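The values are calculated or read from the model by the stated rules, or taken from the named source; none is laboratory data. Predicted, not measured: the structure shown is a model, and the values here were computed from it. Reconstructed Cβ throughout: ideal geometry from the backbone, glycine too, with neighbour counts over all protein chains shown. With ligands, DNA and RNA removed, areas are computed over all heavy atoms of the protein, side chains included. Shrake-Rupley method; radii C 1.70, N 1.55, O 1.52, S 1.80 Å.
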Amino acid sequence: LQNLGVAFLVAWVVQGVAWALSRVLYTKYPDRRKRVLQYATVCSNGGFMGNPVAESVFGATGLMYASVFLIPQRIVMWSAGITLFTEAPSKKALVKKVLTHPCIIAVFVGMFLMVFRPELPEFIEKTASSLGSCTTPLSMLMVGMILADVEDVKTIFSWEMIRYTLIRLVILPGIVFIGCKICGLDRLVTGVAVLMTAMPAACMTTILANKYHGDAMFASKCVVFSTAMTLVTLPVWCMLF
């Protein structure tokens with residue numbers, strides 16, 4: 001329980017560091033791309049990729065740690081993360097817009113169900129479960145559909161893409177690794193924290209960019225390129241543990 005608490009605390013620190021970096025590293029980019037890069041830096045694909053990787057490397061205990069590690073990111077993803085794409089005339093209007101966002105409402109409903117555990121009709125539970133299972137395939141379909149419009153595949157290998165991928169897959173997990181080592185944290189906590197931080201851009205980056213008039217094409221390239229590069233970076237990080 002103590003280590004789970006440490007993992008939870010480390011996850012919040014990681015989100016804070018990622019948020020700070022996202023605010024200073026992309027100031028020279030056009031606004032539509034800057035939003036994409038900021039969100040993709042703060043939010044990774046830890047849920048869909050991180051949990052299976054953590055379980056395969058560290059077993060069931062690693063999966064439990066990874067699940068706890070994801071909680072702060074889920075909160076940031078559907079709160080501060082949405083503010084990167086959402087515009088409003090005032091802070092009050094922005095807060096209202098975020099709190100009434102369908103995804104935030106879904107989080108509140110989910111927390112209510114988790115805490116009070118009411119008995120729901122079976123058809124509602126099955127429907128919700130089936131819809132939840134569709135999210136990853138549908139998000140990848142959207143990424144693929146947007147990428148299908150790319151006329152020159154070579155643009156995926158641009159310096160912008162390489163720079164972002166280095167930040168997401170090398171620099172951020174490197175900071176976490178060094179920080180955990182300096183603090184003398186448990187090996188399992190360190191390993192899970194590094195691997196979860198070393199995940200590629202979240203698929204939601206493309207969906208939100210497409211919905212809120214960001215550069216959806218650029219977002220799709222970030223998702224695809226960073227995901228492909230994990231074939232190189234993840235084995236290297238795993239070798240450290």
Residues being part of a helix (DSSP H, G or I) and either modelled with pLDDT of 95 or more or among the small types (G, A, S) (or both) - total across the stretch 179-193: 3
Residue in the stretch 6-19 that is of a type in the set (A, V, I, L, M, F, W, C), closer than 25 Å to V224 by Cβ, buried (at least 18 other Cβ atoms within 10 Å of the Cβ) and in contact (Cβ under 8 Å) with a residue 12 or more places away in the chain present: yes
Conditions (1) farther than 20 Å from Q38 by Cβ; (2) assigned to a helix (DSSP H, G or I); (3) at pLDDT 80 or above: number failed by C134: (3)
Of all residues in the stretch 102-120 being part of a helix (DSSP H, G or I) and not aliphatic (A, V, I, L, M), the one that is modelled with the lowest pLDDT: C103
Scan of the stretch 194-203 for residues that are outside any loop (DSSP other than H, G, I, E, B) and within 12 Å of F69 (Cβ to Cβ), ordered by number: V194, L195, M196, T197
Top-ranked residue in the stretch 193-233 [being more than 20 Å from Q15 (Cα to Cα), in contact with a Leu (Cβ under 7 Å, 6 or more places away or on another chain) and hydrophobic (A, V, I, L, M, F, W, C); ranked as surrounded by the most Cβ atoms within 10 Å (Cβ to Cβ)]: V224
Residues of the stretch 54-93 classified as at pLDDT below 85, open to solvent by 20 Å² or more (accessible area, probe 1.4 Å) and farther than 21 Å from V14 by Cβ, total: 8
Residue within the stretch 121-128 that is at pLDDT 85 or above, under 30 Å from F241 (Cα atoms), loosely packed, with under 15 Cβ neighbours inside 10 Å and among the aliphatic types (A, V, I, L, M) present: no
Cβ-Cβ under 9 Å pairs, at least 6 apart or on other chains, the stretch 217-232 side in contact (Cβ under 8 Å) with a residue 60 or more places away in the chain and under 13 Å from N45 (Cβ atoms), far side surrounded by fewer than 24 Cβ atoms within 10 Å (Cβ to Cβ) and aromatic (F, W, Y): F225/F157
